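Okay, structure first, notes after.
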Amino acid sequence: MNELSALEILEKLVSFPTVSDRSNLELIDWVENYLNSFEIKTYRKHNGDKSKASLFAHVGPQIEGGVVLSGHTDVVPVEGQDWITDPWVLTENNNKLYGRGSCDMKGFDALAIWATIEGHKSNLKRPLQIALSYDEEVGCIGAPPMIEEMIKKLPKASMVIVGEPSNMLAVTGHKGALGFTTHLVGKEVHSSILDRGVSAIMNGAKLIDWANQQNMSNKKAEQTETAELFDPPYTTLHVGVIKGGTAHNITSKDCTFEMDIRVVSDQKVDFWIEKYSEKVKEIESEMKAISTDAKIIVSNKSAVPGLRPENNGEAETFVRQITGDNGNHFVSYGTEAGQFQERGYSAVICGPGDISVAHQPNEYIEKSQFELGLRFMKNMLKKLS
């Protein structure tokens, strides 16, 4: 296979409509074949039904202490968005590269693939690894099994650069993220005798009001040094979707809502899982006192640990040496960096593009940002050599 420029690789990656509700295997097949054509051994980790896969590889000496370039392959949907270009065709206009995923985060993926080929051709003294996951956009689901497989199959790297769009600045902390789907099952009666029924909606409202109370309490509490680095500087709870009920004069039998919790990184996400579970049990007990058939079912859709700032972190130091960036940067969205950190890697976020245009119609990456990312990769390879 002919060697491609980083821009040509990006063009290819954007052409695969790897929306999270579809398979990403066509993209994975292409990347695998491309790397294999340069005699780079690749590894896959499939999901349960083998409809998706993560892919990882190692180039350079077979020793520990290398650098991982980590990105995800999935993108968010384009349905209902007003695009001026074909979202699956990389289109350059006014020094911007338009296309779904061009910013989040196939721009970085393309640079990482390019760097892997270049690293394989170079005389690296320190190894380089690439890790491309699936289902990041729906809760960072694909990374943990991929990381476990990497630890089994490859010499363990010491640091990870997660290339989420950060304008090539070193982001050293992000909040953790929890996603719950809560389904309340009540008992239907006419609203004139509501004391004999169980309203799923009104009991669901108690849980939502509890979330409001937690927000107020968290906001008023004295913030830790780590929490102060975030905006807002506390854990937040939010319900964005709710549905239920059949009529205005019937106590609702069903209510389902989705809760999102953004956890400051010096708190464990497990703390909030337990805290919410306690409140659910309390409300469910009140419901069952009226009807033993009433219940609350909570599905934990996602639990992503935060990225904790490291004291003299190796990944942070490495990236700062290349970029020259000495600022403090923290974000409230979640990434796979915290998952790598949990497994013993030093982790930092640094990638091209502006997160504000991610997920938007007419998503783009500034060509200058892509070129800045390419320069970063070249300088990184020099350091590893």
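The values are calculated or read from the model by the stated rules, or taken from the named source; none is laboratory data. In this text the structure is predicted, and so the values were computed from the model without any measurement. Every residue, glycine as well, gets a Cβ built from its backbone with ideal geometry; the counts of neighbours run over all protein chains shown. When the accessible area is computed, the model is the full protein with side chains, heavy atoms only, and any ligands, DNA or RNA have been set aside. Shrake-Rupley method; radii C 1.70, N 1.55, O 1.52, S 1.80 Å.
Does any residue of segment 62-80 turn out to be out of contact with any Lys or Arg (no Cβ under 9 Å at 6 or more places or on another chain), in contact (Cβ under 8 Å) with a residue 40 or more places away in the chain, over 23 Å from Ala337 (Cβ atoms) and surrounded by 23 or more Cβ atoms within 10 Å (Cβ to Cβ)?
No, segment 62-80 has no match at all.
Under the condition of being of a type in the set (S, T, N, Q) and surrounded by 14 or more Cβ atoms within 10 Å (Cβ to Cβ), which residue from segment 225-260 is farthest from Lys279 (Cα to Cα)?
Once the filter is applied, the top-ranked residue is Thr226.
For segment 72-82, state whether one or more residues are closer than 24 Å to Gly99 by Cα and over 24 Å from the mean Cα position of the chain (by Cα).
Yes.
Of the residues Gly119, Gly107, Gly139, which is at positive phi and either open to solvent by 10 Å² or more (accessible area, probe 1.4 Å) or of a type in the set (Gly, Ala, Ser) (or both)?
Gly139
Collect the residues in segment 105-149 that are in a loop (DSSP other than H, G, I, E, B) and in contact with an Asp or Glu (Cβ under 7 Å, 6 or more places away or on another chain), keeping them in residue-number order.
Met105, Tyr134, Asp135, Glu136, Glu137, Cys140, Ile141, Gly142
Quick one: Ser133 ticks every box in (1) hydroxyl-bearing (Ser, Thr, Tyr); (2) crowded, with 24+ Cβ neighbours inside 10 Å; (3) farther than 30 Å from Glu258 by Cβ except a single one, so which number is it?
Against the list (1) hydroxyl-bearing (Ser, Thr, Tyr); (2) crowded, with 24+ Cβ neighbours inside 10 Å; (3) farther than 30 Å from Glu258 by Cβ, Ser133 comes up short only on (3).
Inside segment 1-11, can you point out the residues that are in contact (Cβ under 8 Å) with a residue 24 or more places away in the chain and either closer than 17 Å to Ile365 by Cα or crowded, with 17+ Cβ neighbours inside 10 Å (or both)?
Ser5, Ala6, Leu7, Ile9, Leu10, Glu11
Output the residues belonging to segment 272-327 that are of a type in the set (Asp, Glu), over 28 Å from Gly373 (Cβ atoms) and in contact with a Ser or Thr (Cβ under 9 Å, 6 or more places away or on another chain).
Answer for segment 272-327, where residues must be of a type in the set (Asp, Glu), over 28 Å from Gly373 (Cβ atoms) and in contact with a Ser or Thr (Cβ under 9 Å, 6 or more places away or on another chain): there is none.
Examine segment 151-159 for a residue that is assigned to a helix (DSSP H, G or I) and under 30 Å from Ile355 (Cβ atoms), and state whether such a residue exists.
yes
Just for strands (runs of 3 or more DSSP E) wholly inside segment 1-101: which have at least 1 residues that are of a type in the set (S, T, N, Q), within 24 Å of Gly139 (Cα to Cα) and touching a strand residue (DSSP E or B) at 6+ places or on another chain (Cβ under 8 Å)?
The strands (runs of 3 or more DSSP E) meeting that bar are 53-59, 67-72.
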